[in-house]
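Peer 1: Dropping a structure here in structure tokens format, bear with me for questions.
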Amino acid sequence: MRLSTRIALATAATVPVLVLLSGLLLIGLVSKDLNARQDTLLGERAAAVLPSARVELRAAQNGRVRQETNQERRLAESALDVGIRIVSADGTTVVSEGSQPQPSTVLPADDGSPVTVRSGGTSWRAVALPIVATASQPAGTLWLFSPVSAVKSEVGSVRGRIILVALIAAPIGGLLAFGIAERAARPLRLLQRRTSGLDPDDPATRPQHRPTRVTEVDELAHTLESVLSRYDEQAARTGEALETARAFAASASHELRTPLMSMRTNLDILTDHTDLDPQDRAEIVYDLQAEHARLLGLLTALRSLAQGDLVGADAFTRVDLAELVEASVSGLRRQQPQAVVGVSSTASLRLSAWEPGLRMVVDNLLTNAVVHGTRPGTAPWIQVTLSRTGAGDEALLTVDDLGAGVPADQREAVFARFRRGPDSPGSGLGLTLVAQQIALHHGSVRITDPPHGYGTRVEVRLPLGSSSTTAITLPLRRDWLAGGEA
């Protein structure tokens, strides 16, 4: 059923109910006003008739029949459409004219307030005025009665008109509601027609919504655009994940071929030469262990690169960089107890970051300094410094070592994939992981000369941002695993 039809039917059913409810309230108010007006007129009529009632009561007591007859006529003319009853002090009815309760009906006390008296299935509004006794005036009571049927007739007339209005308002209200709903639903039907041929994968079918000034329709169109935008984001991330998986497979296949072939050769030698010299056998086993460690390191590094390529903004939290650096240095001291590691750090530097990624940065820089920054015959020496830049909007992390250093013309190239020295035991991805994570955090990394003139200094800058967690915008980063632009 169409929305406009539903609205029309609901209006057609609701309008009569509202009219009837309003009518009930109106009938109550009209009844109250009519009763009040009737009581007022009855009281005024009683006050006008009271003098004639006194004369009638005196004439009846003194036996003046002619005067009594004249007064009864005057009373009837004065009362018009109301009933009159004059009762003497002893309860004898002196005059009884017009419509009124039966004589046997017990009347209430004459307190001067209008009351309702019922007799024989008929109701009257009655008012009693006392006739005070004097030297020449006998006591008694003047009663005036007005039928309630007149008020009921007017109330019934109002009730009938209300019912008539309700019956007329139902179809008219339904038709008007249908017309208004049809016009109001027109923007919704236009939006439905525009979206009926929607293909999320075809940008040409995307509806171009123009504001209609109908809040619900504009909000629905905005919601639809948001859903399509999220669909595009998820489709893009799915595509990135597929490309990352392909790159992972290609890189793993290419880089694992050489160590696997070397391991196969060594295994063949061990298999074919069971009488191999113990020293040669030990060297081959050592080579196998080294190649195995290299394979594990390579797979771990490739997995980390893939994670960095796919990390989302929802993974970012507030991280204390100073605590993270202290934890990384403590881990290095446990693994390399012979290394001399100095740390100079501020109390706290908080920033929005992916904590596993930043920990990977610090761990790789420290490991790189131990492996490549140690002179033969000496213990590894590393100095880590963490501070806030002069402007206060960046964190500056430096890692110094006493190694042979990196030539100036190679300082950019060392961050590329699989760049490793001839004697390096690593996978050639450690500094690539550093560069990837720093780019992910909108920072910068470079290799410079240390202040003492020899060795290597790696300098990392990271934006601190505001003190509260804010929305993270991921950079248009390279596909680090594939080695090309994303």
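The values are calculated or read from the model by the stated rules, or taken from the named source; none is laboratory data. Only a predicted model underlies this, so the values are computations on that prediction, with no experimental measurement involved. Cβ atoms come from the backbone with ideal geometry, glycine included; neighbour counts cover every protein chain shown.
Peer 1: Has the stretch 115-138 got at least one residue that is surrounded by 12 or more Cβ atoms within 10 Å (Cβ to Cβ) and under 60 Å from the mean Cα position of the chain (by Cα)?
Peer 2: No, because not a single residue in the stretch 115-138 is surrounded by 12 or more Cβ atoms within 10 Å (Cβ to Cβ) and under 60 Å from the mean Cα position of the chain (by Cα).
Peer 1: Next question. I'd like the residue in the stretch 311-329 that is within 27 Å of the chain's Cα centre (by Cα) and modelled with pLDDT of 85 or more and, out of all such residues, is surrounded by the fewest Cβ atoms within 10 Å (Cβ to Cβ).
Peer 2: Among residues in the stretch 311-329 that are within 27 Å of the chain's Cα centre (by Cα) and modelled with pLDDT of 85 or more, the one surrounded by the fewest Cβ atoms within 10 Å (Cβ to Cβ) is Thr317.
Peer 1: When you go through Thr212, Thr141, Thr134 one by one, which is the residue that is at pLDDT 80 or above and assigned to a loop (DSSP other than H, G, I, E, B)?
Peer 2: The match here is Thr134.
Peer 1: Assuming Gly308 fulfils every condition listed in (1) among the small types (Gly, Ala, Ser); (2) modelled with pLDDT under 75; (3) outside any helix (DSSP H, G or I) apart from one, which condition is it?
Peer 2: For Gly308, the exception is condition (3).
Peer 1: Still on this structure, I have one more. Applying the selection to the stretch 372-395, what residues are of a type in the set (A, V, I, L, M, F, W, C) and surrounded by fewer than 17 Cβ atoms within 10 Å (Cβ to Cβ)?
Peer 2: Ala379, Ala391
Peer 1: State the number of residues belonging to the stretch 94-103 that are outside any loop (DSSP other than H, G, I, E, B) and either in contact with a Ser or Thr (Cβ under 6 Å, 6 or more places away or on another chain) or not β-branched (Val, Ile, Thr) (or both). Quick ask: steps written out before the conclusion?
Peer 2: Narrowing the stretch 94-103 to residues outside any loop (DSSP other than H, G, I, E, B): 94-97.
Applying the additional criterion that residues be either in contact with a Ser or Thr (Cβ under 6 Å, 6 or more places away or on another chain) or not β-branched (Val, Ile, Thr) (or both) yields 94, 96-97.
Residues in the stretch 94-103 being outside any loop (DSSP other than H, G, I, E, B) and either in contact with a Ser or Thr (Cβ under 6 Å, 6 or more places away or on another chain) or not β-branched (Val, Ile, Thr) (or both): 3 in total.
Peer 1: State yes or no: is Thr346 among the hydroxyl-bearing types (Ser, Thr, Tyr) and under 19 Å from Gly453 (Cβ atoms)?
Peer 2: Considered against the rule, which asks whether it is among the hydroxyl-bearing types (Ser, Thr, Tyr) and under 19 Å from Gly453 (Cβ atoms), Thr346 comes out as no.
Peer 1: Only residues that are crowded, with 18+ Cβ neighbours inside 10 Å and either out of contact with any strand residue (DSSP E or B) (no Cβ under 9 Å at 6 or more places or on another chain) or not assigned by TED's automatic domain parsing to the domain that holds Val132 (or both): list them for the stretch 31-51, please.
Peer 2: Across the stretch 31-51, the qualifying residue is only Leu34.
Peer 1: Oh, and also: Step by step: first the residues of the stretch 111-125, then only those that are in a strand (DSSP E or B) and in contact (Cβ under 8 Å) with a residue 40 or more places away in the chain, then the one that is nearest to Pro51 (Cα to Cα). Which residue is that?
Peer 2: The residue in question is Arg125.
Peer 1: Of all residues in the stretch 71-97 being over 20 Å from Ala139 (Cα atoms) and touching a Lys or Arg at 6+ places or on another chain (Cβ under 9 Å), which is modelled with the highest pLDDT?
Peer 2: Per the criteria, the residue is Val82.
Peer 1: The conditions are (1) at pLDDT 80 or above; (2) in a loop (DSSP other than H, G, I, E, B); (3) touching a Ser or Thr at 6+ places or on another chain (Cβ under 9 Å), and Val106 fails exactly one of them. Which is it?
Peer 2: (3)
Peer 1: Shifting gears a bit: Scan the stretch 138-167 for residues that are in contact with a helix residue (DSSP H, G or I) (Cβ under 9 Å, 6 or more places away or on another chain) and farther than 30 Å from Gln100 by Cα and jot them down.
Peer 2: Matches in the stretch 138-167: Arg161, Ile162, Ile163, Val165, Ala166, Leu167.
Peer 1: Next question, about the same structure. When you go through Leu402, Leu440, Leu462 one by one, which is the residue that is under 16 Å from Gln383 (Cα atoms), modelled with pLDDT of 60 or more and hydrophobic (A, V, I, L, M, F, W, C)? Talk me through it step by step, then tell me what you get.
Peer 2: On the way: Leu440 fails: under 16 Å from Gln383 (Cα atoms); Leu462 fails: under 16 Å from Gln383 (Cα atoms).
Of Leu402, Leu440, Leu462, the one residue that is under 16 Å from Gln383 (Cα atoms), modelled with pLDDT of 60 or more and hydrophobic (A, V, I, L, M, F, W, C) is Leu402.
Peer 1: Can you name the number of the only condition in (1) in contact with a helix residue (DSSP H, G or I) (Cβ under 7 Å, 6 or more places away or on another chain); (2) more than 20 Å from Ser96 (Cα to Cα) that Ile131 fails?
Peer 2: Exception for Ile131: condition (2).
Peer 1: Let me ask something additional. Please specify each residue of the stretch 330-358 satisfying the condition of being among the hydroxyl-bearing types (Ser, Thr, Tyr) and either over 12 Å from Leu386 (Cβ atoms) or crowded, with 17+ Cβ neighbours inside 10 Å (or both).
Peer 2: Within the stretch 330-358, Ser330, Ser345, Ser352 qualify.
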